[in-house]
1. Whole-Å semi-axes of region B:38-96's equivalent ellipsoid, largest first, each the root of 5 times a Cα gyration tensor eigenvalue?
2. Along the principal axes of its C-alpha atoms, what lengths does region B:204-286 span, in descending order and rounded to whole Å?
3. Cα atoms only: what Rg and Dmax, in Å, come out for region A:189-237?
4. Could you work out the pair-distance distribution P(r) of region B:1-88 from its alpha-carbon pairs, with 10 angstrom bin width and percents rounded to whole numbers?
5. Within the P(r) computed for region A:76-141, what percentage of the Cα pairs occupies the region above 16 Å?
6. Using the structure shown, select from A:Lys123/B:Lys134; B:Lys129/B:Lys207; A:Lys123/B:Lys91; B:Lys86/B:Lys207; A:Lys126/A:Lys215; B:Lys50/B:Lys288 the pairs with a Cα to Cα distance greater than 28 angstrom.
7. Could you give me the percent of Cα pairs per 10 Å distance bin for chain A, shortest bin first, beginning at zero and ending with the bin that holds the maximum distance?
8. Lys and Arg at +1, Asp and Glu at -1: add these up for the other residues within a Cβ distance under 12 Å of A:Ile152 and post the number.
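The values are calculated or read from the model by the stated rules, or taken from the named source; none is laboratory data. Everything numeric here is computed off the predicted structure, so don't read it as measured data. Cβ placement follows ideal geometry from the backbone for every residue including glycine, while neighbour counts extend to all protein chains displayed. Calculation scope for accessible area: heavy atoms of the full protein, side chains included, ligands and nucleic acids excluded. Shrake-Rupley method; radii C 1.70, N 1.55, O 1.52, S 1.80 Å.
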Amino acid sequence: MKKYVVKRVLSLIPVLIIVSVVIFCLIHLTPGDPARTMLGDQASEIEVENLRESMGLNDPIVVQYVHWVGGIFHGDFGTSIFMDEPMYKIILDHIGPTISLTIYALLISLIIAMPCGIIAARKRGKSQDQVISVFSMVGISVPSFLLGMLLIILFSVRMKILPSAGYKAIVDNGFLKHIEYLTLPAISLGLMQAALITRMTRSSVLEVLGSDYIKMAKAKGVKDKVILIKHALRNALLPIITVIGQSFIALLSGATVVETVFNIPGIGQLVVNSVLRRDYEVIQAVVLVIALGNVVVNLIVDLLYGLADPRISLE
Amino acid sequence: MAEQEKILEVKKLTTSFKTERGKMNAVQGVSFYVNKGEILGVVGESGCGKSVTAQSILRLYDEKYLVEYQGEILFDGVDLLEIPEKEMQNKRGKDISMVFQDALSALNPVFTVGEQIMEPLMNHQHMKKEEARKRAVEMLRLVGIPAPEKRVSQYPHELSGGMRQRVMIAIALSCNPRLLIADEPTTALDVTIQAQIIDLIVELNFKMHMGVILITHDLAVVAETCKRVIVMYLGQTVEEADVNDIFDHPMHPYTNGLIESIPLLEDKGVKRLHTISGMVPLLNQIPKGCRFAPRCPYATERCHREMPEFVNADGRHKVRCFYPIGLE
């Protein structure tokens, strides 16, 4: 197990190198001059040129890349053009809301999806199954920003029970306020994943329920409920874990849109604003962090596999 | 004689499945019985309803959506089709247990062998964990698994095919059932292991004095182990007799065909293997008269028109045929 984790962590290195190259190229290939954006339209050509020189933007692209990566190894993720703070602090400040939102959204989708998926599988072809199928189809099809706005109209404007936008940190305002402000965004973000996980759970449970060992369990005199919870669910969990991992990543990146709709100062909003400001160093750093998160989630999923299924050995 | 007491009596069992194309009778009007301590063989081709019969006895099919039973299944005089599901759960694994064909798919991959043997013990005999574990080790030893203390905490995928089948038998026998249904227990195994498993079932049948229904399509296995045998074709019993009678004087043309298609060692020279012509029809294309008529070499016009009854032909020998072989 330890060996496996070490191996997996080491294998992150090439992945991160490739990701960093791609991010770097992507950003430097996009049109727009950060120096010009910083100085504004009034600045003279010479001033812009001087700034470009001092920012190192005139160096060959390879040199710039080496500079950036070299900096990362010294704990320096670059400096923001607009924000007068060290990069790690900028990211730390913004990642809190996003992680809160993502976990909350994932919880909501699991709470909806697992029971729905299991019910749909057990009542296959019956009305419950069909209702759940229709809802999950709708859930997959409705984009989160549209759902977000509909939720705002219903719960904030009409019923006035939940705030329409904004963010309250746990530390300053307590858990309840925190949750209150995140509920609508989390629902609009989580519903689509709920639909996906429902469908996956349904097909996975269905497959397991048709297997011989379920019949065997029944032949041993095990009660239906125990069969479902003990014998079926644990086996059905494997493909579901994969989807949950993917959902987590999708939520993390999907948060961008929802954060903009609900005005939450998370990573997503940071990225959007940085793109608008051509603040390329922030974009680079944030995308790298998200990529790292992606890889870590995948590692966790693989480790969970080993726990859920004894046939998978992590040696 | 106490031995002749019937432990199970199936009367006119019909199992029909609700499908998109309507109701299909996978088993129709099957009657047979098993005496205490007796091994009854059930033979037939794939798809003749052997397994459905077996699983109907335990009521393993989803009765809400999938299946409908008719007839009677008397176990110790109680009709299993009449009792509520809860009571049935109590009988499964305790009074009647079952060994499935493919042990790899019938054992739950995420639980250890021990946990799977312990489950019915803790359910039915209310054993504590420690006690159940001890008993599980004992059971593994009983079915001939070496180093049972080690095996008990292994997972099914860590065992060989033969051992997995032994584990299944251990699970089935853990609560000392009075009836064991073995549904093709040796089909997935190679020949030497097959013999071992069959020997084990015979030995345990003798030791524990339980009734056994041995479902197989291997006539050789039947000849070696069973006293009495029923032959099924397309969801019906077509012949029932003592083993010797069946092999010496098969009355139904189908049984005759089955026996003739066994290649014999003393056959000299190159000879074509005997086959029963035609194929088993699908359940929705069942012929009107005798179900075997389209494939029967002796079929007459009457056979195509009328369904023969399952009747006593000669002592304990029952057959479903208008013109039983050797009786004209």
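1. 20, 16, 10
2. Projected onto the principal axes, the Cα atoms of region B:204-286 cover 44, 41, 20 Å.
3. Over region A:189-237's Cα set, Rg and Dmax evaluate to 12.7, 43 Å.
4. Spelled out bin by bin, region B:1-88 gives 16, 47, 29, 6, 1 percent.
5. 64 percent
6. Check vs 28 Å cut-off fails for A:Lys123/B:Lys134; B:Lys86/B:Lys207.
7. Whole-percent P(r) values from 0 Å outward: 5, 20, 25, 24, 15, 7, 2, 1, 0.
8. Net charge in that neighbourhood comes out at +2.
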